[in-house]
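Student: One structure, as structure tokens, below. Some questions next.
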Amino acid sequence: MASEARHRRRIRFLKRVGLYAGLVVVVVGFAFPFYWMLTTSIKTRIETINPAKWIFSPTLENLVFVFTKRNFLMYLKNSLLTVASTTLLSLVLALPAAYAFARFRFKGKENLAFTVLSLRMLPAMCVVLPYFLLGRFIGILDTSLILIIVYMSFNIPFAIWMLRGFIEDIPIEIEEAAWLDGCTLTRSLFKLIIPLIGPGVAATAIFIVIQSWNEFALALFLTSFQARTLPTMSTMFLSVTGIVWGEMASVGVLTTLPVLVFSLIIQKYMIRGLTFGAIKG
Amino acid sequence: MRKPRRGSYWTSRGYLLRFLLPSMIVLFVIVIVPMVFLWYVSLTNYDLGKGWDQRHFAGLSNFLMLFKGEDRDFWPAVLTTLIFLACTVTLEFIIGLAVAMLFNRTIAGKAVWMAFLIIPLTITPAVIGLMWKLMYNTEYGVLNFLLNFINLKINWLGPRSALLSIIMVDVWQWTPFVALMLYAGLQAISTEPYESAVVDGASSLQIFRFITLPLLRPMIVVAVLLRSIDALRIFDTVYVLTKGGPGNITELLSLHIYRVGFEHTGWIGRSSAVAIVLLIMATIITTIFMRVVNITRPAAIANRIEENTSGFGSAA
């Protein structure tokens, strides 16, 4: 009897070991490429082409080079301007619409809501052609303005759906009770709803920041020099021969670090954001 | 504006228009108008090399050119796109389910483990391309360095394995998404059906097949459809890794649009026709997705209070 109990304990122990071994495999698998880029960015030029070199003394020369010779600050400035404007404008336009979709009763509401959502699903390469031509006619190619406009085109639908979900989470009775006390609709929206969905608005804003910050295809074709954003810096490293791996990795690290920090803040809302509020998990 | 007579603001036309119209007008101008313009351009022979005035209305000839195979790379691009879609969605589902089930246990420090899943999801896709380019390099890449221990050397971005390599990157990037979704689904299943199954003497395989999978179905459907839409939309990582090459091995439809419209040729009219084909494919899957969401949404709203207190964030 005693040996059987010991046997069962051993099996349970082995199962635990197997579980954590599996977790380690998963985590290493998903984290390793980023780790490798991170270490490459602080290796010297010779070390970067020696994959056997796993232990080394870090250097900052690549990072410095990216700032001094690759004009990193100009790209950063453009990215910040584009992302901030897109986020602000998208939220201001989406919030009232989200409120209308969440609360009002009107004919064809769901159809309109789903039409709006479908705009979020358009492939970038379909959107880029008309924007390229129209931008050329109007003369706004290679400006931050055209990027802000085109980024709004997929972030407004996204924000409407996200915010609608957050508003629907709040019991409608709160507002109706406030009206009985003589509160108007506009007042209840600003004094009741917006403070209550504050975290939701913040999460939505961060998602918009990440999506616009990461956008590449539209930025690549709609800008050429002046309004280029950070992700387009990757095109500097496309030729196969003579790639400066260290600089390339530094650009990658500098571009992704802010996004990684932001994504950890909204970890709780990840599923919600990636499914446009369709699943609240 | 005064409170409308009798009861509710919720049916007030004036308030509704004030809230809804601004964003709807903006969306109409910045999305619908350009998309209508795309349809128009796809019916012309507009060429970037010549002036806009030189264009002619070409009817459906751009589309006929595609379907009759005069554009030799069109059907291969469609095929590559479908292969890419099928492979990535299948692999992401299988691995994602495995990861979700792994996480669906009592684990010390679960939130920390799960944070690592977020990395691939939010990194700039163009940078993901760079990152893998670094690792895929035949001579200096870390993957071949590791494979060297078993005497293997793969030309990752060469003609034979390039398609597989871009599939692998997409699987790396998006499996965590499927995993997180299915994990949320698993967490939402109550323990009751499991308990009665155990009482009835069901094997763990039977439990998985007849209880877990059916209850996960809504999550699986949404995840698979969203991944399918994104598989059609992908551009960044593939552009950075291969630009559709070598030859046209990794030329997905989105990259075919780029090659016909922007690189070398500048045939915007023909490129727009390819874009319309891609648009229609994406719209079909999007429509299915929205049907599904439309069915599950009312139930989700009814359960909102319950759902708010469960889920990945608080469970972790």
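Student: Limited to the range B:35-92, what total is found for residues that are within 19 Å of B:I249 (Cβ to Cβ) and outside any helix (DSSP H, G or I)?
Tutor: 4
Student: As an exercise: evaluate B:G109 against (1) more than 24 Å from B:T250 (Cβ to Cβ); (2) more than 14 Å from chain A (Cβ to nearest Cβ) and give the number of the one condition it does not meet.
Tutor: Every listed condition holds for B:G109 apart from (2).
Student: Pick from the range B:129-155 the residues that are assigned to a loop (DSSP other than H, G, I, E, B) and within 12 Å of chain A (Cβ to nearest Cβ): which of them is nearest to B:T90 (Cα to Cα)? So that I can check it myself, show each step before the final result.
Tutor: So the first thing to find is which residues in the range B:129-155 are assigned to a loop (DSSP other than H, G, I, E, B), and the list is B:137-141, B:151-155.
From the residues that got through so far, the ones that are within 12 Å of chain A (Cβ to nearest Cβ) too are B:137-141, B:155.
Details: B:N137: 27, B:T138: 28, B:E139: 31, B:Y140: 31, B:G141: 27, B:N155: 24 Å.
Among residues in the range B:129-155 that are assigned to a loop (DSSP other than H, G, I, E, B) and within 12 Å of chain A (Cβ to nearest Cβ), the one nearest to B:T90 (Cα to Cα) is B:N155.
Student: Residues to consider are B:T296, B:T287; find the one that is without any contact (Cβ under 8 Å) to a residue 40 or more places away in the chain, facing another protein chain (nearest Cβ under 9 Å) and surrounded by fewer than 23 Cβ atoms within 10 Å (Cβ to Cβ). Explain how you work it out, then say what you get.
Tutor: Numbers: B:T296 fails: without any contact (Cβ under 8 Å) to a residue 40 or more places away in the chain.
Residue meeting the stated conditions: B:T287.
Student: Now, a different point. Would you pick out the residues in the range A:208-217 that are crowded, with 23+ Cβ neighbours inside 10 Å and more than 9 Å from every other protein chain (Cβ to nearest Cβ)?
Tutor: A:I208, A:S212
Student: When residues of the range B:275-285 are filtered for being among the β-branched types (V, I, T) and under 14 Å from A:V127 (Cβ atoms), how many remain? I'd like the intermediate steps shown before the answer.
Tutor: Initial filter on the range B:275-285 (among the β-branched types (V, I, T)): B:276-277, B:280, B:283-285.
Next, from what is left, pick out any that are under 14 Å from A:V127 (Cβ atoms): B:276, B:283.
Adding up the residues that qualify gives 2.
Student: On the basis of being facing another protein chain (nearest Cβ under 10 Å), touching a residue at least 12 places away in the same chain (Cβ under 8 Å) and farther than 27 Å from B:Y15 by Cβ, does A:V150 make the cut? Full working, then the answer.
Tutor: Numbers: facing another protein chain (nearest Cβ under 10 Å): yes; touching a residue at least 12 places away in the same chain (Cβ under 8 Å): yes; farther than 27 Å from B:Y15 by Cβ: yes.
Spelling it out, A:V150 is indeed facing another protein chain (nearest Cβ under 10 Å), touching a residue at least 12 places away in the same chain (Cβ under 8 Å) and farther than 27 Å from B:Y15 by Cβ.
Student: Same structure again: Within the range A:8-16, is even one residue surrounded by 13 or more Cβ atoms within 10 Å (Cβ to Cβ), within 14 Å of another protein chain (Cβ to nearest Cβ), more than 23 Å from A:L257 (Cβ to Cβ) and not aromatic (F, W, Y)?
Tutor: To start, the set of residues in the range A:8-16 that are surrounded by 13 or more Cβ atoms within 10 Å (Cβ to Cβ) comprises A:16.
Filter once more, keeping what is within 14 Å of another protein chain (Cβ to nearest Cβ): A:16.
Restricting the remaining residues to those that are more than 23 Å from A:L257 (Cβ to Cβ) gives A:16.
Then drop every residue that is not not aromatic (F, W, Y), which leaves A:16.
Within the range A:8-16, one or more residues are surrounded by 13 or more Cβ atoms within 10 Å (Cβ to Cβ), within 14 Å of another protein chain (Cβ to nearest Cβ), more than 23 Å from A:L257 (Cβ to Cβ) and not aromatic (F, W, Y).
Student: Evaluate the following for A:T143: is it under 23 Å from A:T204 (Cα atoms), touching a helix residue (DSSP H, G or I) at 6+ places or on another chain (Cβ under 9 Å) and either modelled with pLDDT under 85 or among the polar types (S, T, N, Q) (or both)? First the steps, then the outcome.
Tutor: Working: under 23 Å from A:T204 (Cα atoms): no; touching a helix residue (DSSP H, G or I) at 6+ places or on another chain (Cβ under 9 Å): yes; either modelled with pLDDT under 85 or among the polar types (S, T, N, Q) (or both): yes.
In short, no.
Student: Continuing with this model, one more query. Kindly establish whether A:L133 is closer than 30 Å to B:L252 by Cβ and either facing chain B (nearest Cβ under 8 Å) or part of a helix (DSSP H, G or I) (or both).
Tutor: Values: closer than 30 Å to B:L252 by Cβ: yes; either facing chain B (nearest Cβ under 8 Å) or part of a helix (DSSP H, G or I) (or both): yes.
Judged against the criteria, A:L133 is a match.
Student: Additional query: Exactly one condition in (1) more than 8 Å from chain A (Cβ to nearest Cβ); (2) farther than 30 Å from A:S234 by Cα; (3) assigned to a helix (DSSP H, G or I) is not met by B:G201; state its number.
Tutor: Evaluating B:G201 over (1) more than 8 Å from chain A (Cβ to nearest Cβ); (2) farther than 30 Å from A:S234 by Cα; (3) assigned to a helix (DSSP H, G or I) leaves (3) as the failure.
Student: I've got another one for you. Which of the numbered conditions does A:L141 fail, given that it passes all the others? Conditions: (1) without any contact (Cβ under 8 Å) to a residue 24 or more places away in the chain; (2) assigned to a loop (DSSP other than H, G, I, E, B).
Tutor: Condition (1) is where A:L141 drops out.
Student: Additional query: Mind listing whichever residues of the range A:269-281 are at the interface with chain B (Cβ under 8 Å from one of its Cβ atoms) and touching a residue at least 12 places away in the same chain (Cβ under 8 Å)? Quick ask: steps written out before the conclusion?
Tutor: Applying the first criterion (at the interface with chain B (Cβ under 8 Å from one of its Cβ atoms)) to the range A:269-281 yields A:269-271, A:274-275, A:278-281.
Residues satisfying the conditions are A:Y269, A:A278, A:K280.
The values are calculated or read from the model by the stated rules, or taken from the named source; none is laboratory data. In this text the structure is predicted, and so the values were computed from the model without any measurement. Backbone-built Cβ (ideal geometry, glycine too); neighbour counts: all protein chains shown.
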